[in-house]
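Novice: First, the structure itself, so that you have it in front of you.
The values are calculated or read from the model by the stated rules, or taken from the named source; none is laboratory data. In this text, all values refer to a predicted model and were calculated from it rather than measured experimentally. Because the Cβ atoms are built from the backbone with ideal geometry, glycine has one as well, and the counts that use them run over all protein chains shown. For the accessible areas, the whole protein counts, side chains as well, though only heavy atoms, and no ligand, DNA or RNA atoms are used. Shrake-Rupley method; radii C 1.70, N 1.55, O 1.52, S 1.80 Å.
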Amino acid sequence: MQAAHDIALSVKDLKTYFYTNNRCNKAINGVSFEIRKGKTLCVVGESGCGKSVTASTIMQLLPALSRIEQGQVTYHSDNGDVEIEKLERDGQEMRAIRGSEIAMIFQDPMTALNPVYTIGFQIGESLKYHTNLNSKEIRERTIDLLRDMGISLPEMRVDDYPHQFSGGMRQRAMIAMAMSCNPKILIADEPTTALDVTIQAQIFELMEKLKTEHETAIMLITHDMGVVAELADDVAVMYMGNIVEAGTVDQVLRNPVHPYTRALLDSIPVLGKGKDQIISPISGSTPDPYNRPIGCQFAPRCSYKTDVCDVMPEEVNVDKTRRVMCWNYKDLLPNGE
């Protein structure tokens, strides 16, 4: 357990449910984690496991037919603790925090940017509401941000509309918007999906700079295990709305103790091993969220399954920094401890 003053945001037993056509999708079903100041928590898992919904819950950007059923989302601000789940979604207090103290880089910049306003206006909007800069200073800061993101001729491109930017440039404009107010917590939902590797490296360098200079806590949602190995301090592996394994990056990547984490790592080609390496995809597919398996959600796809898996496993602390949701995790421990 970390010292309280090191933690920027803590989530405890969070449950977020979606209601459609008289059915309930338990998108987040009892998730707990902490994001530490000046550290990066990487959240990994297959599409549909609940990563983006977790981020939207923290930002209070959930759709209308959804609600936080239980749990706490506590932002440990400089002025005391703020219980985000109790704030009005579009209330004054939440709007003051969103964008300035907790910022988010969205997955799809084309839907996150407004097509009828210029890129400069949209980045400047955040600065206008959350800082005391005048119009001239806002424009200068916006141009600087675009320059930092590697956009050429930012003095001209600042007046362009989103459709005039390429996919990668829109993503960089989105990142500039999120970073404009030097947030205390940055939630990045697959921020480099549309970018080539050189720009990707620049963006991660900027995020690292934010982390070291401003002690920003970063929650990075990604599918890329290479990015996790490079950037993460802590890792949380999600499956069907639960965190099935969490720990330091070394523990989770070197010695995974949940069959799902191990299966994820086995499905990734390793550079340098050549074309003869065996890549094993995870068998089966993600279950229907409206027709879930009983007990452990991963059991139908798991090679370690036993009869006990018909009951949902409790979360177990393997050691001080590692926890897992699996009945048979001891079979995966390096020494069978």
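Novice: Just one of (i) 124; (ii) 184; (iii) 155 is volume of the Cα convex hull per residue in Å³ as worked out from the coordinates here. Which one is it?
Specialist: Here the calculated entry is (iii).
Novice: For Ile105, which sequence-distant residues (separation of 5 or more, or a different chain) have an amide H within less than 5 Å of its own amide H, given hydrogens modelled in the peptide plane?
Specialist: Counting only residues 5 or more places away or on other chains, the set is Ile187, Ala188, Asp189.
Novice: At a 10 angstrom cut-off on C-beta neighbours, averaged per residue, how do the peptides 178-184, 231-237, 275-281 rank from highest to lowest? Before the final figure, lay out each step's value.
Specialist: Numbers: 178-184: 21.3, 231-237: 23.0, 275-281: 7.7.
By packing density, highest mean first, the sequence is 231-237, 178-184, 275-281.
Novice: Right, next: Let's test the formula: R0 of 35 Å, r as the Cβ-Cβ distance of Leu333 and Glu208. What FRET efficiency results, to the nearest 0.05?
Specialist: Numbers: r = 32 Å, r/R0 = 0.93.
Efficiency, from the Cβ-Cβ distance: 0.60.
Novice: I've got another one for you. Quick one: angle between helix 135-148 and the longest Cα principal axis of the chain, in degrees between 0 and 90, rounded to 10, please.
Specialist: With rounding to tens, the tilt is 50 degrees.
Novice: Then there is this: Once you charge only the Cβ atoms, +1 for Lys and Arg and -1 for Asp and Glu, what is the size of the charge dipole of the range 22-160 about its Cα centre, to the nearest 20 debye?
Specialist: Values: 17 positive and 20 negative charges, 56 e Å.
Charge dipole of the range 22-160: 260 debye, to the nearest 20.
Novice: Would you mind working out the magnitude of the charge dipole of the range 78-207 relative to its Cα centre, with +1 at each Lys and Arg C-beta and -1 at each Asp and Glu C-beta, to the nearest 20 Debye?
Specialist: About 360 debye.
Novice: On a full-extension model of 0.36 nm per residue, what is the gain between Asn255 and Asp78, subtracting their alpha-carbon distance, rounded to one decimal in nm? Intermediate results must be reported in sequence, preceding the final value.
Specialist: Numbers: separation 177, 0.36 × 177 = 63.72 nm, distance 3.65 nm.
Full-extension gain reported as 60.1 nm.
Novice: At 1.4 Å probe size, with no ligands or nucleic acids counted, give the accessible surface of Ser135 in Å², nearest ten.
Specialist: Its accessible surface works out to 100 Å², give or take rounding.
Novice: Report the gain in length on full extension from Thr286 to Tyr19: 0.36 nm times residue separation, minus Cα-Cα distance, nm rounded to one decimal.
Specialist: Numbers: separation 267, 0.36 × 267 = 96.12 nm, distance 1.99 nm.
That pair, Thr286 and Tyr19, stretches by 94.1 nm at full extension.
Novice: Moving to a separate point now. Between Thr193 and Ala64, with labels modelled 7 Å along Cα→Cβ, what's the label distance in nm to one decimal, could you check?
Specialist: About 2.5 nm, to one decimal.
Novice: Another one. To the nearest 20 Debye, how big is the dipole of the chain about its Cα centre, given +1 on the beta carbon of each Lys and Arg and -1 on that of each Asp and Glu? Present the calculation step by step, with values, prior to reporting the outcome.
Specialist: On the way: 35 positive and 45 negative charges, 82 e Å.
Roughly 400 debye, rounded to the nearest 20.
Novice: Simple spin-label model, 7 Å along Cα-to-Cβ: Thr111 to Tyr161 in nm?
Specialist: It works out to 2.1 nm between the two label points.
Novice: If each residue of separation counts as 0.36 nm, what is the full-extension length gain between Lys273 and Thr131 once their alpha-carbon separation is subtracted? The partial results should precede the final answer.
Specialist: Values: separation 142, 0.36 × 142 = 51.12 nm, distance 5.10 nm.
Between Lys273 and Thr131, full extension yields 46.0 nm more.
Novice: Give or take rounding to whole Å, what are the principal axis extents of the alpha carbon atoms in the range 49-151, in descending order?
Specialist: Result for the range 49-151: principal-axis Cα extents of 44, 32, 23 Å.
Novice: If contacts are Cα pairs under 8 angstrom and at least 6 residues apart, what is the relative contact order of the chain in percent?
Specialist: Working: 602 pairs, mean separation 65.7, N = 337.
Relative contact order comes out at 19 percent.
Novice: Next question. So which of Lys15/Lys39; Lys26/Lys209; Lys86/Lys330; Lys12/Lys273; Lys184/Lys305; Lys211/Lys305 end up more than 30 Å apart, counting from Cα to Cα?
Specialist: Numbers: Lys15/Lys39 25 Å; Lys26/Lys209 37 Å; Lys86/Lys330 39 Å; Lys12/Lys273 41 Å; Lys184/Lys305 42 Å; Lys211/Lys305 41 Å.
Correct reply: Lys26/Lys209; Lys86/Lys330; Lys12/Lys273; Lys184/Lys305; Lys211/Lys305.
Novice: Of the options Thr40, Thr193, Met219, report the single residue whose Cα projects farthest towards the positive end of the charge dipole of the chain (beta-carbon charges: Lys, Arg +1; Asp, Glu -1).
Specialist: Thr193
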